[in-house]
């Protein structure tokens, strides 16, 4: 069974520090990887997508993909209290109907 | 860009009634839309995948006769919860696919009394 694993947390990080969120996946042929942010009571919001090995930066966010080790991570620099949310990792394989396999999410708390 | 709307944002209904939820892609055409359900403090659960002009594909354990999905156009999909019961109370969220990414609507909170 295809799985996406995340540490449920909560992960507590001081304001201004770097928050590091990790995700591993089981399907080696997965090709597309996504990070979503979900505030309590709200729907998920796409933060980053990454498709090839290496780093992808967008503002304070950096996604890192290592297909050989089957993990993808999200770094948040200069963490702000507004970054406190649950971060969902999602993976899409090449043959699915664009369905995503979801991790359970990591709850991130940024402490002022 | 890539904005998805959902209506209504919340609804309260009596047990036994039906509720229709609309999902629209506002600035793009979505060949595929997805319907999810999320219970408090739980993960997203995919209910069905909806392709424009064809029947929806339901996930195992989701009753297709209870959760009716219509994807009549490239910008509109609807989910009808028929004969709703209190156990159907949940947060229903749609997403729409543009190229390789999924964008979510704001969700509909359903409470069945």
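As a proxy for reagent exposure, B:52, A:15 were ordered by neighbouring Cβ count within 10 angstrom, fewest first; the result is A:15, B:52. Quick check: from the Cα gyration tensor, does the stretch A:28-78 come out rounded (a/c under 1.5), prolate or oblate? Verdict is oblate for the stretch A:28-78.
The largest-to-smallest principal axis extents of the Cα set in the stretch A:46-112 are 44, 23, 19 Å. From the P(r) of the protein assembly as shown, could you give the percentage of C-alpha pairs in the tail past 25 Å? Every Cα pair in the protein assembly as shown considered, those over 25 Å come to 41 percent. Over the C-alpha trace of the stretch A:1-49, radius of gyration and Dmax come out as 13.1, 39 angstrom. With coordinates expressed along the principal axes, the C-alpha atoms belonging to chain B extend over 38, 25, 22 Å, beginning with the largest. Here residue B:55 and residue A:109 are evaluated by their C-beta separation; at R0 = 30 Å the FRET efficiency comes out at 0.10.
Counting neighbouring Cβ atoms within 10 Å and putting the fewest first, the residues A:78, B:65 line up as B:65, A:78. In chain A, the convex hull through the Cα atoms has an average projected area of 6.7 nm², a quarter of its surface area. Computed over the alpha carbons of the stretch B:57-105, Rg followed by Dmax gives 12.4, 37 Å.
Placing a label point 7 Å from the Cα of residue B:27 along the Cα-to-Cβ direction, the residues of the stretch A:42-61 whose backbone N falls under 16 Å from that point are A:46-47.
Quick note: the coordinates plus some simple rules give every number you see, no bench work behind them. Keep in mind the model is a prediction, meaning the values are calculated, not measured. Glycine also receives a Cβ, built like all others from the backbone with ideal geometry; neighbour counts cover every protein chain displayed.
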